[in-house]
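Undergrad: Before I ask anything, here is the structure I am working with.
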Amino acid sequence: MPDSSGAIRILWSNDSILSHLRSAFGEGNVFEDSGLFFSFNKLAVAGFAVLAEHPLLDSTGTGFVGMDAVCRLRMEKRIVMPIVVCSFMQEEFMVKRFPILMYPQHHPYLRLPASPEDIKTTLMQSVEMDEFRLREVIEKYCDPVGRAFHLLTHSHGFRMLQTQNENLMEMRQVIDEDVKQFRNLLSALPAKVQKAGQHFCSQSEDLGELDASELKTSLTKLIDLVSNARKG
Amino acid sequence: MTEPEFPQDGIKKRYEILLLEDDQEQRTQIHHNLTANGIIVHSCSSGEDALDTLTANPQIGLLMTDIELLDSKGRRSGFQGYDVANQIPERFPNYLLSVLVMTALPKSAALREANYFRIRIHTMAKEDLLEMPPNDEQNDVVREIRTLIEATSNSWIDAIRKSYAKSRWLRKYSNTSYWQLYQGMWYNKNWESVNIAVGERAKRIVESYRSGDIRKLRGGFLHFKEEPQGEDIKEILVGRRVIYAMKYDEPAYWKTFVRGEQSINEEEPIIPPEIYSSIRCEETKQIINQIQEKAPGVYEIKKEIDKLSSELDAIENNERTNSEPRVNKELHIKQEQRSKLHERLLSIRNIIRPSREQLEQQLQNESEEIQRGFLPYLRFWGTEFENVDWANTKQQSKGGSDPVTQDLLILGIREEDINAENYLEWKLLLPEEMSWMNKITGVLPI
């Protein structure tokens, strides 16, 4: 249970809710930019709340820079306190897109619109993570190589590709979704993995002309490459 | 002070395991396959249920778990496999449990998953478990599972308990029981590297003894704490190995000080009766009688000094957390008392000195056994052994005032005992310890 006397730090966009948040949580606790990552005392913080789709910080164009902020807080600041993820999107969509939300006790989801009180209540019902959970969250859901590995080994489409021998065209939609996500991660991966990853992505576009075993072999090689990159 | 002890009424481990798997289809299949191979399986789909099942069934010897456990909504909201495993040492302190992680990942990735475990784990491909043939005793998977369960059995733990040494020295400096040590070693995920580090450190200490720098045992190398944890366990293991080294050179010392079978205080300058009665020359006895006559009450002074030293140690330890003026005053008074007694002892030693030197010369005419028996006595009277020819052949270096280090000097540690490249071949280990270490580092895959 978070320390109820601690501050709640907020990352939000400059919208109509911002002033309400500032009056509810304090001027110095609500940030519009990367100031959130600097000069704070972990001991005095009960937890965080971020707006998943934060337009001002969106230099990558993914539309969900708030989610990058969640990863940065875990990876760079080693934050163990809960982080409430606020979004107008459907929860199922967000969990699928951002597997870090698989841990609802540490990353509770709050569908907007919601009040500052909702943020506080949601945060107080969540829990801090221990060092082992933090390690796993960072390695699997924050580090780009770890995210790529987890996507390749755990996502629905890639798992189907590995375990089933059905006509690949019938699985096209789910595989395409996973490939799209993998493509988004490519630029953050080591050069060697990027090259193999691009090759795999282009192969997957020609599903109709490939037999299942050829794409499976390519996927297995890619998994090995990413796995080795994680070791480094 | 906690007595070293192992759980007395050993739980008989049977071939029972706890299977923790969230996927119902896979859980059913693995359950069926293991049962068909004579293994009793308890199944759970959540971490919380797994802990309850382990509590109710202490005969279970192995936890087989998936890493990621999903709830009905496909989230990881409950205890994960590593959450359950990480709680085992504290939740079940009276017995050992093996942990096997089932994984569909490549080997290198599976090993990486071990990072999330605080304790030692073993891994197995889930595919192998899903495709096991029934009634196949020779199947590698069945054999590995049986080995993992047997490793937690109390039958061999009992054997070690019966034959293992009880070091009074260790008990003095740590309230960790041997059982706690074993548990620490069993669950230590980095045991291999700890073992090498401990071996190397023990070797350095032994080398220090040989070069005469023996004070490092207490001063620079070992740092015993009241409740050793993690790194501190290494210190205790180092100390143990140094002590075991002595077993091979001096069984009598081993009996007296390590196993605690005899209770002679090595620091008391008393000549054992069997040594006295074996003295060949009458002149030797006459010199001893002279010394005894010139130093009445000296043993009592020594005892009083020892008593004050223990009290001062206790006060100094207490002072670290409590620096009241009253404590400082008490400390000062006792230090003065000890200092005065020490001066008296030194003056008596000076009076005795000519007779002592006479005795040192006279002992050249006695047997090696007699000479060895006189070492504590001469040490008490302040003999400098490097000036005594016959003593130099038996001891390797000088210095040190505590009984353990003094005796290491006398006994020496043979170079061949610690020269082997493989630390497991050093004679610093008991055969039982060697066997146990092989069990966890050799037989079982890491």
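The values are calculated or read from the model by the stated rules, or taken from the named source; none is laboratory data. Being a predicted model, the structure only gives us computed values, none of them experimental. Here the Cβ positions follow ideal geometry from the backbone for every residue, glycine too, while neighbour counts run over all protein chains shown. Ligands, DNA and RNA are excluded from the accessible area calculation, which covers all protein heavy atoms including side chains. Shrake-Rupley method; radii C 1.70, N 1.55, O 1.52, S 1.80 Å.
Undergrad: Looking at A:Pro82, is it within 14 Å of chain B (Cβ to nearest Cβ) and touching an Asp or Glu at 6+ places or on another chain (Cβ under 7 Å)?
TA: Yes, satisfied.
Undergrad: Something else: Going residue by residue through segment A:109-116, is there one that turns out to be buried (at least 22 other Cβ atoms within 10 Å of the Cβ) and touching a strand residue (DSSP E or B) at 6+ places or on another chain (Cβ under 8 Å)?
TA: No, that holds for no residue.
Undergrad: Between B:Glu127, B:Glu137, which is in a helix (DSSP H, G or I), modelled with pLDDT of 60 or more, within 28 Å of B:Ala36 (Cβ to Cβ) and open to solvent by 10 Å² or more (accessible area, probe 1.4 Å)?
TA: Answer to the check: B:Glu127.
Undergrad: Something else about it: Could you list all residues from segment B:112-122 that are more than 8 Å from every other protein chain (Cβ to nearest Cβ) and touching a Lys or Arg at 6+ places or on another chain (Cβ under 9 Å)?
TA: B:Ala114, B:Ile119, B:Arg120, B:Ile121
Undergrad: Follow-up. Quick check: is even one residue across segment B:9-22 farther than 22 Å from A:Glu131 by Cα, assigned to a helix (DSSP H, G or I), modelled with pLDDT of 95 or more and under 37 Å from the mean Cα position of the chain (by Cα)?
TA: No, segment B:9-22 contains no residue that is farther than 22 Å from A:Glu131 by Cα, assigned to a helix (DSSP H, G or I), modelled with pLDDT of 95 or more and under 37 Å from the mean Cα position of the chain (by Cα).
Undergrad: So B:Ser77 ticks every box in (1) closer than 26 Å to A:Lys96 by Cα; (2) surrounded by 19 or more Cβ atoms within 10 Å (Cβ to Cβ); (3) of a type in the set (Ser, Thr, Tyr) but one. Which box is left unticked?
TA: In the conditions (1) closer than 26 Å to A:Lys96 by Cα; (2) surrounded by 19 or more Cβ atoms within 10 Å (Cβ to Cβ); (3) of a type in the set (Ser, Thr, Tyr), B:Ser77 misses (2) alone.
Undergrad: Sticking with this one: From B:Tyr95, B:Tyr82, grab the single residue that is more than 11 Å from chain A (Cβ to nearest Cβ), in contact (Cβ under 8 Å) with a residue 24 or more places away in the chain, among the hydroxyl-bearing types (Ser, Thr, Tyr) and in contact with a helix residue (DSSP H, G or I) (Cβ under 8 Å, 6 or more places away or on another chain).
TA: From the options B:Tyr95, B:Tyr82, the qualifying one is B:Tyr95.
Undergrad: Suppose we filter B:Gln358, B:Gln371, B:Gln362, B:Gln396 for residues that are of a type outside the set (A, V, I, L, M) and at pLDDT below 70; which single one remains?
TA: Answer to the check: B:Gln396.
Undergrad: Given the criterion more than 14 Å from chain A (Cβ to nearest Cβ) and either at pLDDT 95 or above or buried (at least 16 other Cβ atoms within 10 Å of the Cβ) (or both), identify the matching residue among B:Leu70, B:Leu100, B:Leu105.
TA: B:Leu100
Undergrad: I would also like to ask the following. Just to confirm my filter: which helices (runs of 4 or more DSSP H) fall fully inside segment A:96-167 and include at least 3 residues that are facing chain B (nearest Cβ under 10 Å)?
TA: Per the criteria, A:131-136, A:144-154, A:156-163.
Undergrad: Given the condition open to solvent by 70 Å² or more (accessible area, probe 1.4 Å), modelled with pLDDT under 85 and in a loop (DSSP other than H, G, I, E, B), answer yes or no: does some residue in segment A:67-83 qualify?
TA: No, that holds for no residue.
Undergrad: From B:Arg161, B:Arg76, grab the single residue that is in contact with a Phe, Trp or Tyr (Cβ under 6 Å, 6 or more places away or on another chain), at pLDDT below 90 and either part of a helix (DSSP H, G or I) or within 14 Å of another protein chain (Cβ to nearest Cβ) (or both).
TA: B:Arg161
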